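All remarks here apply to the structure that follows.
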There are 2 protein chains.
Amino acid sequence: MINRQILFLLFFLPFIGISQSEDEKQLKEIYTTSLTNGESYNWLSYLSNQIGGRLSGSFNAEQAVNYTKAELDSLGLDRVWLQPVMVPKWTRGIKEFSYLENAPGETTNLDICALGGSVATPSGGLKASVIEVKGIEELEALGEEKIKGKIVFFNRPMQADLIQTFEAYGGCVDQRYSGAAEAAKYGAVGVMVRSMNLRLDNYPHTGSMSYGDLPVEKRIPAAAISTNGAEMLSTVLALNKDVKLYFRQTCKVFPDVQSYNVIGEIKGSEFPNEIITVGGHLDSWDLGDGSHDDGAGCVQSMEVLRLLKETGYKPKRTIRVVLFMNEENGLRGATKYAEVAKEKGEYHVFALESDAGGFTPRGFSFDCDEANFAQITSWKSLFKPYLIHYFEQGGSGADVGPLKGNGTVLAGLRPDSQRYFDHHHAENDTFEHVNKRELELGAATMASLVYLIDKYGTVQASNIKG
Amino acid sequence: MINRQILFLLFFLPFIGISQSEDEKQLKEIYTTSLTNGESYNWLSYLSNQIGGRLSGSFNAEQAVNYTKAELDSLGLDRVWLQPVMVPKWTRGIKEFSYLENAPGETTNLDICALGGSVATPSGGLKASVIEVKGIEELEALGEEKIKGKIVFFNRPMQADLIQTFEAYGGCVDQRYSGAAEAAKYGAVGVMVRSMNLRLDNYPHTGSMSYGDLPVEKRIPAAAISTNGAEMLSTVLALNKDVKLYFRQTCKVFPDVQSYNVIGEIKGSEFPNEIITVGGHLDSWDLGDGSHDDGAGCVQSMEVLRLLKETGYKPKRTIRVVLFMNEENGLRGATKYAEVAKEKGEYHVFALESDAGGFTPRGFSFDCDEANFAQITSWKSLFKPYLIHYFEQGGSGADVGPLKGNGTVLAGLRPDSQRYFDHHHAENDTFEHVNKRELELGAATMASLVYLIDKYGTVQASNIKG
């Protein structure tokens, strides 16, 4: 028995040693290339500064499709293509306008923006009394009597003591998404939602909302108000219940238009039918230039393939970058991608999304079984030199979500989240707020994980082959 | 034997359980208070926006002493005092001016600033040919023949592939600190140093330099040039060796002046003679407002004491905040503090510095023995909910360094370092580049460690008592 153990060690130890140092070397090369000879920041500069905000169905979104397709074409991948998908088209119209009227003629301007998907106000705007609530659940208690004819002001702030700001977002976003549909049931004429922002400032933050199954004629306009504006409105309301709120917005829904997911791939040398997908979403909201949400994720995903090529790594499995269209207000690109993959019987072993901003990466969240999670966490020490420490089970990303099932391991990059909601969906989500090194570290972190998954496979993949 | 083990477990387990959850509860309270009811950001706003850059010996530095003393006074600590210390006084003079002269009359302006401690140029400025080097070690090979009468241009960039940017800084800063003293030995007439900045931009970064034992009449003026300027100068030099560089600066050294360390403490209830010191440095360079370096560290250190009081914690040991004067160009405050501590026979069990910017905290670096390091890392899991993962042995901080010896555990807060050198010692080290939550998380992380050290003591402290 002892002899066999010794034989085992003598036989395998050198390989374990070599393999470990090969992985260390490959990760080092990936990080060094990203930090000293990266393309992600240049790509983001073009996407943000030359194109700008890329709302689905807009001219900019189509420019972004063409630009990223051309850049992927230039990388010498095995295949680059556009995957057609019909997307919704909603336009903001002319700049929204809002004021408080404390007494006739005594007004104060407020910073607002229409929520994505909202209807317009009447063309002359809408003026009404305001009722402030902290959440949807208060509506029932107030009832139609107290709500009818009024603008409902949803003012529950993001919870500042949650360390992961996405949790704080998750605890508030129902106000934005469903507030109008719920308030309309009680006869509200409009909805004003406190921006999903942890900071006090003057930027209103847009984002998607839905009327659910509310009939068209019952739909009421919904807007976001900046956090400073929300504080002011709340303060004024406490002093004067009769204050009126005016707002005007001219947003509009058009028929669906043709758009595309942008896809490129390196064919796997050993297991070409095992697909590893890495992606972000190419569309963005229209107020800023979508640098953090999600230009960063797109250029990082493109950079993953470029880094693997640049470091001379030949993948065993097919590595695919997907720039999903229409994550923000429809998820049509992600749905289409998963649909086509199913039709074609494609086998995705792994899908990784970056859609949490271009900030310093901390690690990943995994939606997978215990066996795969155990394998992945066994690589944790390889990431230690890069200060990547966060490996947890949890969610992945909206765009890779539809690939769930058949043992596909899903993951999301988890960057530092403290500053994300300062910029999210607002006009200050712009290029100058992305730090080049932080962006590049994210790309390298993603490429490193993709390399390891490619080299060692996932657990189910091995079982299927075995 | 088994019975004794069971008895042991029955007796101690409940206490272990209570103690653990007490610690968890205390950390949670500290973080929540910092994030929802913190003072650090308000203090920093005053220090940065109402006072501004605080170079030792300046009016602003004295304002900062008075302001922070008054704020500590208002916290209801057991004692607040000023510790006198003489500090150097160097002034920048009128704004520096520099240009490249490609041919007579064909000039391009460059962004430069004098290095701290440098002498002035002649009053009409200095114009000379330039010799570019990548480091001090090249000077000897070039020799007096190639250097005499020229301006030496030190152009070794920070190494971008180092993940911890302070390492990259450490690998470059000799050019700034000693470049002039070394170049003068070979007859150089001036020195221009590439700014210690990982980014390409137009900000020159100042910082301390020393002439060592060079006689006064041999001292040559030294300035920093922005990274963009360095790239341009290097490119032009490659095309035209005869290009001339002009610069003018009017900086000046004055006699030492009186200043102060600002100190406050909460007296320990059980071991008042065991001192835990937490601090940052109150002085800063003059170009920006010193928000990251080191306004952040000062307000975080003040906040540590406030958070302990606010959460109702009564320290067993004496907890002291020290705002050190003159870290940037003399370390006189730190030296004085350690000197006085020694004279009084004070026993410092622990000293923690925050002087790496107000960015998201990642953990700490410890300068201590294995036994203390083992005790501290045993607390690591308590910090996991706050994404604090970095506990390593290494350096601590310049200001707590002089306390080394007698088993004092030294530590430095280690925030995310990616953006630090974008701002360090430059005019864009300003308040708007500090994120409120990131600053507050740093203060809470420091307070949490101070709480644990206070509660459990250090290993030597226990031995001494035991």
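The values are calculated or read from the model by the stated rules, or taken from the named source; none is laboratory data. The shown structure was predicted, so the numbers you read here are calculated from the model rather than taken from an experiment. Ideal geometry is used to build each Cβ from the backbone, glycine not excepted, and the neighbour counts take in all protein chains shown. Ligands, DNA and RNA are excluded from the accessible area calculation, which covers all protein heavy atoms including side chains. Shrake-Rupley method; radii C 1.70, N 1.55, O 1.52, S 1.80 Å.
Considering only DSSP beta bridges whose two residues both sit in the range A:94-250, what percent are antiparallel, to the nearest 5?
Of all bridge pairs located within the range A:94-250, approximately 55 percent are antiparallel.
Report, to the nearest whole %, how much of the accessible area of chain B belongs to carbon and sulfur atoms, 1.4 Å probe, protein only.
The computed percentage sits at 53.
Farthest toward the positive end of the dipole of the protein assembly as shown, out of A:Asn109, B:Ala334, A:Ile131, is the Cα of B:Ala334, where the dipole comes from beta carbon charges about the Cα centre. Each Lys and Arg adds +1 at its Cβ and each Asp and Glu adds -1 at its Cβ; summed about the Cα centre, the protein assembly as shown shows a dipole of about 500 debye.
In the assembly of identical copies, A:Trp379 has its label point, taken 7 Å from Cα in the direction of the beta carbon, separated from the corresponding points by 3.4 nm (ascending, one decimal).
Chain B residue nearest by beta-carbon to the axis mapping B to A, with distance in Å: B:His389, 2. Decide, for chain B, between rounded, prolate and oblate: order the square roots of the alpha carbon gyration tensor eigenvalues as a ≥ b ≥ c, take rounded if a/c falls under 1.5, and otherwise choose prolate if a/b is larger than b/c, else oblate. Prolate, because a/c is 1.5 or more and a/b exceeds b/c. For the protein assembly as shown, what does the alpha-carbon gyration tensor say about shape, rounded, prolate or oblate, given a ≥ b ≥ c as the root eigenvalues, a/c under 1.5 as rounded, and a/b over b/c as prolate? The shape class here is rounded. Annotation for B:Gln258, label-to-label distances across the other copies: 8.2 nm (shortest first, one decimal, point 7 Å from Cα along Cα→Cβ).
Assuming a ≥ b ≥ c are the square roots of the Cα gyration tensor eigenvalues, decide whether the range B:95-250 counts as rounded (a/c under 1.5), prolate (otherwise, with a/b larger than b/c) or oblate. Rounded is the answer for the range B:95-250, as its axis ratio a/c remains below 1.5. Counting only protein heavy atoms, probe 1.4 Å: which residues of the range B:347-378 lose 10 Å² or more of accessible surface in the full assembly compared with their chain by itself? When all protein chains are present, B:Thr360, B:Arg362 each give up 10 Å² or more of accessible surface.
Burial here means at least 40 square angstrom less accessible surface with every protein chain in place than with the chain by itself, probed at 1.4 Å; in the range A:403-427 the buried residues are A:Gln418, A:Arg419.
Taking 0.36 nm per residue of separation and subtracting the Cα-Cα distance, full extension of the segment from A:Lys267 to A:Glu167 would add 32.2 nm. Probing with 1.4 Å while keeping every protein chain in the model, the per residue accessible area of the range B:293-347 equals 31 Å².
When the helices of chain B are scored as -39500 (n - 2.57) per DSSP H run of n ≥ 4 and the total is divided over every residue, the value at 222 nm lands at -11500 deg cm²/dmol.
Between copies, the label points of A:Ala70, set 7 Å from Cα on the Cα→Cβ line, lie 5.9 nm apart, reported in increasing order to one decimal in nanometres.
A straight line joining the Cα centroids of the range A:305-374 and the range B:71-88 runs 55 Å. Once C-alpha pairs closer than 8 Å and six or more residues apart are averaged by separation and normalised to the residue number of the range B:95-250, the relative contact order reads 38 percent. Placing unit charges on the Cβ atoms only, positive for Lys and Arg and negative for Asp and Glu, gives chain A a dipole magnitude near 480 debye about its Cα centre. Estimated at 0.36 nm per residue, the fully extended path between A:Lys344 and A:Thr108 surpasses their Cα-Cα distance by 79.2 nm.
Accessible area buried by the pairing of A and B, both sides summed with a 1.4 Å probe, works out to roughly 2600 Å². Using the beta-carbon distance between A:Glu370 and B:Asn406 and R0 = 60 Å, what value does 1/(1 + (r/R0)^6) give for FRET efficiency, to the nearest 0.05? That gives a FRET efficiency of 0.75. For the protein assembly as shown, the antiparallel share of DSSP beta bridges with both residues in that region comes to about 55%.
Spin-label model, A:Ser381 to B:Gln63: label points 7 Å out along the Cα-to-beta-carbon direction sit 5.4 nm apart. Using R0 = 45 Å, the C-beta based FRET efficiency linking B:Lys314 and A:Glu432 works out to 0.45.
Given a Förster distance of 22 Å, report the FRET efficiency between B:Asp78 and B:Thr36 from their Cβ-Cβ distance, rounded to the nearest 0.05. That pair, B:Asp78 with B:Thr36, gives E of 0.25. Using a 1.4 angstrom probe on protein heavy atoms only, which residues from the range A:141-175 are buried by at least 30 Å² of accessible area when all chains are present rather than their own chain alone? By number: A:Ala160, A:Asp161, A:Ile163. When you count the other C-beta atoms within 10 angstrom of each residue and take the mean per peptide, A:146-153, B:394-401 line up highest first as B:394-401, A:146-153.
With every protein chain present, what is the per residue accessible area of the range A:164-260 (1.4 Å probe, Å²)?
Per-residue accessible area for the range A:164-260 comes out at 42 Å².
With 24 Å as the limit, the listed pairs A:Lys384/B:Lys455; A:Lys150/A:Lys218; B:Lys89/B:Lys150 have A:Lys384/B:Lys455; B:Lys89/B:Lys150 beyond it between alpha carbons.
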